[in-house]
Amino acid sequence: MTGMLFDTPAPLSSLEVDAAWRELTRRGFLAATVTVGLAACAANDNVATTDDAEASVTIEHTFGTTTIKGTPERVLSLGLHDQDFLWALGIQPIAVHEWEGSYPYAAGPWTDGYRTTEPEVLKEWEINLEWVAAQTPDLIVVTYHDVDQAMYDKLSAIAPVVAPPAGYRVWEAPWRVELELIAKALRREDKAREVIAHVEDTIASIRAKYPQFEGKTFNSISPDTNTFTVYSSKEANNQLFESLGFVVPDEQLKKYAKGIYIELSYERVDLIDDLDCAIFFVRPSDAKILTDNPIYPGMRLVKEGRGIYLPDDVITATQMNSPLSIPYFLQAVAPKLAAALDGDPKTNA
């Protein structure tokens, strides 16, 4: 697979935002088949029964427990992708956190048919407590952010908080675990099971369509000016690629690891050049990071067409790693991976 670095030009975010994200996590996912099925589930049936209004539910998270009384009606989405989870469950948040900047209301194209309102938007990376309080939420969902105990305590003084899932380091909780936690807080567990089934059906259908993925080695590569970052098999999106049949061979990288990611100099491309295929996560506006690097053209991944590139919207979908973006991303990237594996550097999906 060769040709131009990118299939199509696209509106782009700043390199600084992407660099900050790369230190934490990345990617998420793309589909048409599931969009129709999930859209049928996404109508906002936020109607509380008398029993719901009087009941309470207790959830466990990384900072302990939260008890939520009644059925929340003013849900604020504060995590970096939590709005997608709420929309998938049929909940319309009153406010969302837009860190990336590409789409109004932090709603990428994978959310079409799910968002039916125009929420207030926090347009910065950091959490703004005054802004949160001004929205008068009765529930704050912040399952995907690097909040600490101090921030959690401050948020809890405003409203009950659904914090990151217990038992996982920041950014490492599987999307299913996040969805189940949010669904329990909002008494949408049946809906969550539907959503999970749709996503898992998409993953299974792609794996069946592309049996050539089975056992092939893969990793995600995030290039920067002087270094590149690869990820462990525990990283959320690499777990998704493994669910398609790929193997993320991170044994040789462990001594360089910093949690779920490994930052290396370009002199160590030998550690990735033998991969069967890889994705270069670099936006079209930042292509000079690669093209100006003297080592890049000589990489076997590049010369043999085994490294692929993605348009801007698909990169953002991977970063979101949500039950809506995952199908969207996978449907877009699967044919590109197949072309990378066909042994012909000239093919391009």
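Annotations for the structure displayed:
- Among the conditions (1) charged (D, E, K, R); (2) surrounded by 15 or more Cβ atoms within 10 Å (Cβ to Cβ); (3) in the same structural domain as L76 (by TED's automatic domain parsing), the only one that K234 does not satisfy is (3).
- The listed residue being closer than 20 Å to A339 by Cβ, touching a Gly at 6+ places or on another chain (Cβ under 9 Å), surrounded by 19 or more Cβ atoms within 10 Å (Cβ to Cβ) and not polar (S, T, N, Q), out of F241, F246: F246
- The range 258-314, residues that are touching a residue at least 60 places away in the same chain (Cβ under 8 Å) and among the acidic types (D, E): D276, D286, D312, D313
Residue by residue, here is whether (1) in contact with a helix residue (DSSP H, G or I) (Cβ under 8 Å, 6 or more places away or on another chain); (2) crowded, with 18+ Cβ neighbours inside 10 Å; (3) farther than 30 Å from S285 by Cβ holds:
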| residue | (1), (2), (3) |
| --- | --- |
| A197 | no, no, yes |
| A204 | no, no, yes |
| K209 | yes, no, yes |
| P223 | yes, yes, no |
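- Residue that is farthest from the chain's Cα centre (by Cα), among those in the range 69-110 that are aliphatic (A, V, I, L, M), within 14 Å of L139 (Cα to Cα) and assigned to a loop (DSSP other than H, G, I, E, B): I94
- Filtered by the rule that a residue be under 22 Å from V162 (Cβ atoms) and without any contact (Cβ under 8 Å) to a residue 40 or more places away in the chain, the range 98-116 gives E98, Y105, A106, A107, R115.
- A search for C-beta distances below 9 Å between a residue of the range 186-210 that is outside any helix (DSSP H, G or I) and any residue that is modelled with pLDDT under 95, counting only pairs 6+ apart in sequence or on different chains, returns L186/N46; L186/T71; R187/A48; R187/D52; R187/A55; R187/T71.
- Boolean, Y114 is out of contact with any helix residue (DSSP H, G or I) (no Cβ under 9 Å at 6 or more places or on another chain) and surrounded by 15 or more Cβ atoms within 10 Å (Cβ to Cβ): no
- Number of residues in the range 248-266 that are modelled with pLDDT of 85 or more, in contact with a helix residue (DSSP H, G or I) (Cβ under 9 Å, 6 or more places away or on another chain) and in a strand (DSSP E or B): the value is 3.
The values are calculated or read from the model by the stated rules, or taken from the named source; none is laboratory data. As the structure is a computational prediction, the values presented were derived from the model and not from experiment. FYI the Cβ positions are ideal-geometry reconstructions off the backbone, even for glycines, and counts take in every protein chain you see.
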